[in-house]
C-alpha cells in the first residue's frame, strides 16, 4: 500500500514557507519605481529645455529691443536663440519663430495656437515675421519641437505629441522697439 501525503499538512507547510517573498515584492514594485524614475528624468529635461528656451528668448529680445543686434531677420534671430539655448537639436528644423506687430489702440490679439515646424514635411516658409520700427509694439513667439528621452515610458508616453512623435515647447515675448 502506498503512503499518500496528507493534503492539509502540505498546505500548512506551503503557507508557512516564506521563501521568495522579496522576489514577489521586487516584481511588483520595480516597474512602478522605474516608471517614477523615468518620469522624473523626463520632467527634468523638459523643464531644463523650457527654461533655456525662455532665457534665450529674453536675451535675444533684449538685443532686438535695444538695437544692439542690428536689423536682425528671421534666420539671425533663430540662430541667436539656438546658440543661446544649447538644447535644440537641428535648430533649423526644430525651432520656428513668429513675430508680429501689434496695435495697442486697435487690439486684435495674436492667435492662441502657435505655428510649429512639422519635421515630416519641409520646413514651412516664414509666414508671419515683421520687423518693427521705432516705438512699435512687437510680439515674438518661438515654438521648439523635440523628441522625448523615453517616448513610450513614464511621462514621455503620456505627453501630447505631434504626428512625428515630437513634443512642443513655446516661449513668447512682447516688447516695444526703442526709438532710434
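Some points to look at:
- Checking each residue in segment 85-100 for being more than 16 Å from residue 141 (Cα to Cα) and buried (at least 17 other Cβ atoms within 10 Å of the Cβ) picks out only 87.
- Residue, surrounded by the fewest Cβ atoms within 10 Å (Cβ to Cβ), within segment 109-145, restricted to residues that are more than 16 Å from the chain's Cα centre (by Cα) and modelled with pLDDT of 80 or more: 137
Yes or no, residue by residue, for (1) at pLDDT below 80; (2) surrounded by fewer than 13 Cβ atoms within 10 Å (Cβ to Cβ):
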residue	(1), (2)
32	no, yes
49	no, no
57	no, no
65	yes, no
102	no, no
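- Answer residue from segment 31-55, given it is touching a helix residue (DSSP H, G or I) at 6+ places or on another chain (Cβ under 6 Å) and touching a residue at least 40 places away in the same chain (Cβ under 8 Å) and is farthest from residue 100 (Cα to Cα) among those: 35
- Which numbered condition residue 82 fails, given (1) touching a residue at least 40 places away in the same chain (Cβ under 8 Å); (2) assigned to a helix (DSSP H, G or I); (3) touching a strand residue (DSSP E or B) at 6+ places or on another chain (Cβ under 9 Å): (1)
The values are calculated or read from the model by the stated rules, or taken from the named source; none is laboratory data. These figures come from a predicted structure and were not determined experimentally. Positions of Cβ are generated from backbone atoms using ideal geometry, with glycine treated the same way; all protein chains shown enter the neighbour counts.
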